[in-house]
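K.L.:
For reference, the structure I am asking about is given below.
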């Protein structure tokens, strides 16, 4: 479904040159959920943005649904892959109602039965028709993220790029959104690429994951290994340890 | 306030407007407008400004019915010249024995004409130049902003003078001259707003839906820039009125006998000591309308531009 080969992303030139992603390769099968994990600045979000065209592909190949992507991306590409952003407070137009936000992609792609599609999209993400004419300021963070998911799904894409979809939300709402994403994947047969710094989120949603550090791929591992704490790479181990929170080691306890 | 049925009815209307689950596009829009009006009407000075502007529009529309005398044809030059304010002539008469009140009432049409025309010409130009330059960036930005700088460097009144000198005096030429010099600030504001908006996630989201650049600019960027530009235009209205009056005063705007307020002040100059009302009355009219637009602009800023509010 998705094939990334030796992807490099470079921003700026000369002294300002930053190699955000260096030689990253991975493949994701149809219906699979694939995680990209790493600390801040590891280039995981940049990989996602390079796939959908928000960041430049300096070299390497990105193949989505059997076709290599072009710059600028075609309308077909946008019907195949859609993205959900990190911050639902920033990703919805503040002056547009839910209705307008959802009808925009339909209008761009000339979809006929907009009315029915909007109502169905709202239903899919667990919101009733009563939400249709609300403005973003009348919605909670979790509801906004549901709208953002509905917007991404309304064109019926095959691939969903998720950029830390829960990190801006409360813990209880996080679980709701994750379950919703899990259900939607099964119902609609979607392929996910999930970027997160939260190992628990990735382990919950994804089958396989790629650990990144300083723009490079460190290790690809099944998420079972993460859950059982059996990672081969040292860096992955340290990430797992960090995710378990602060533990007082014995020497400091004695002092 | 009123009888109980009215109260319950208005309460029902308010609930409908403030409903958190609007049933239609219109209800959502009206609800938003109502919220804006509520915060606007909390500011009494802004409401006063709005009142003055509405009064100006009303007077201009119905000048034929309101004005007691003709604004052009005066009375008896021997007996009715330069009369002080009285019951027959509320604001007195001028040197041509014309009723000053009627002239001010008809003059409101010219003022309104200037304001409307300048804002219709300057606002879209400024908005378009600003959003295009901010959103597209690169060489488009450089070229458009340098052009803006050039226009910004023209002194407004001097350019208007040159323009009027070249094309001949008249209110239309004055309007064109004012419009040409007043769009650059709007372009600057629109560009600054666009620069903030263009990197936000909701613009990235609509880009990822495959939206074309014109669609993004006109459907998503312009509506967000519009409010701050409208505020600025309203605040500039006072300056526009003063410039138009200034051109009239210099004899380069509306030509006699048309009752332009600036030209009326200019005639009154000759009688300033003994017949003060000839210059003072149109001067007060200019002052009140300018003040009205300033108050309205301030109120609008508090509603439309929450960042600038205290």
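The values are calculated or read from the model by the stated rules, or taken from the named source; none is laboratory data. Fair warning: this is a prediction, and the values are worked out from it, not measured in the lab. Please note: Cβ atoms are built from the backbone with ideal geometry, for glycine as well, and neighbour counts cover all protein chains shown.
K.L.:
Working carefully through the options B:187, B:179, B:165, B:174, find the one that is buried (at least 22 other Cβ atoms within 10 Å of the Cβ), over 30 Å from residue A:101 (Cβ atoms) and out of contact with any strand residue (DSSP E or B) (no Cβ under 7 Å at 6 or more places or on another chain).
P.N.:
Residue meeting the stated conditions: B:174.
K.L.:
Tally the residues that are more than 22 Å from the chain's Cα centre (by Cα) and in contact (Cβ under 8 Å) with a residue 24 or more places away in the chain, restricting the search to the stretch A:118-138.
P.N.:
Total meeting the criteria: 7.
K.L.:
Still on this structure, I have one more. Which of (1) away from every other protein chain (no Cβ under 14 Å); (2) surrounded by 12 or more Cβ atoms within 10 Å (Cβ to Cβ); (3) in a helix (DSSP H, G or I) is the odd one out, the single condition residue B:72 does not satisfy?
P.N.:
Tallying (1) away from every other protein chain (no Cβ under 14 Å); (2) surrounded by 12 or more Cβ atoms within 10 Å (Cβ to Cβ); (3) in a helix (DSSP H, G or I), residue B:72 fails exactly one: (3).
K.L.:
Which one of the conditions (1) within 28 Å of residue A:224 (Cβ to Cβ); (2) at pLDDT below 90; (3) touching a strand residue (DSSP E or B) at 6+ places or on another chain (Cβ under 7 Å); (4) surrounded by fewer than 23 Cβ atoms within 10 Å (Cβ to Cβ) does residue A:32 fail to meet, given that it meets all the rest?
P.N.:
Among (1) within 28 Å of residue A:224 (Cβ to Cβ); (2) at pLDDT below 90; (3) touching a strand residue (DSSP E or B) at 6+ places or on another chain (Cβ under 7 Å); (4) surrounded by fewer than 23 Cβ atoms within 10 Å (Cβ to Cβ), residue A:32 violates only (2).
K.L.:
Out of the helices (runs of 4 or more DSSP H) lying entirely within the stretch A:175-244, which hold 2 or more residues that are closer than 25 Å to residue A:62 by Cα, within 17 Å of the chain's Cα centre (by Cα) and in contact (Cβ under 8 Å) with a residue 60 or more places away in the chain?
P.N.:
Helices (runs of 4 or more DSSP H) meeting the threshold: A:199-205.
K.L.:
Okay, moving on. Considering the stretch B:15-36 alone, what residues qualify as being surrounded by 13 or more Cβ atoms within 10 Å (Cβ to Cβ) and either at pLDDT 85 or above or assigned to a helix (DSSP H, G or I) (or both)?
P.N.:
B:16, B:17, B:25, B:27, B:28, B:29, B:30, B:31, B:32, B:34, B:35, B:36
K.L.:
Just to be sure, is residue B:91 modelled with pLDDT of 85 or more, assigned to a loop (DSSP other than H, G, I, E, B) and touching a helix residue (DSSP H, G or I) at 6+ places or on another chain (Cβ under 6 Å)?
P.N.:
yes
Table: residues versus (1) surrounded by 15 or more Cβ atoms within 10 Å (Cβ to Cβ); (2) modelled with pLDDT of 90 or more; (3) more than 30 Å from residue A:122 (Cα to Cα).
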site	(1), (2), (3)
A:179	no, yes, no
A:191	yes, yes, no
A:204	yes, no, no
A:222	no, no, yes
A:247	no, no, yes
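K.L.:
Could you pull out the residue among A:18, A:10, A:37 that is buried (at least 19 other Cβ atoms within 10 Å of the Cβ), in contact with a strand residue (DSSP E or B) (Cβ under 7 Å, 6 or more places away or on another chain) and more than 30 Å from residue B:31 (Cα to Cα)?
P.N.:
Going through A:18, A:10, A:37 in turn, the sole match is A:37.
K.L.:
Condition test on residue A:130, is it at the interface with chain B (Cβ under 9 Å from one of its Cβ atoms), surrounded by fewer than 18 Cβ atoms within 10 Å (Cβ to Cβ) and not in a strand (DSSP E or B)?
P.N.:
yes
K.L.:
List the helices (runs of 4 or more DSSP H) inside the stretch B:198-292, counting only whole elements, that have at least 2 residues being more than 30 Å from residue A:100 (Cβ to Cβ) and more than 10 Å from every other protein chain (Cβ to nearest Cβ).
P.N.:
B:222-249, B:261-268
K.L.:
Now for a different question. Just one of (1) at pLDDT 90 or above; (2) farther than 19 Å from residue B:198 by Cβ trips up residue A:40, so point out which.
P.N.:
Answer for residue A:40: the failing condition is (1).
K.L.:
If a residue counts only when it is in contact (Cβ under 8 Å) with a residue 12 or more places away in the chain and within 14 Å of chain B (Cβ to nearest Cβ), which strands (runs of 3 or more DSSP E) contained entirely in the stretch A:1-117 have at least 3 such residues?
P.N.:
Counting at least 3 such residues, we get A:81-84.
K.L.:
Looking only at the stretch B:40-59, decide whether some residue is at pLDDT 85 or above, surrounded by 14 or more Cβ atoms within 10 Å (Cβ to Cβ) and in a loop (DSSP other than H, G, I, E, B).
P.N.:
Scanning the stretch B:40-59, I find at least one residue that is at pLDDT 85 or above, surrounded by 14 or more Cβ atoms within 10 Å (Cβ to Cβ) and in a loop (DSSP other than H, G, I, E, B), so the answer is yes.
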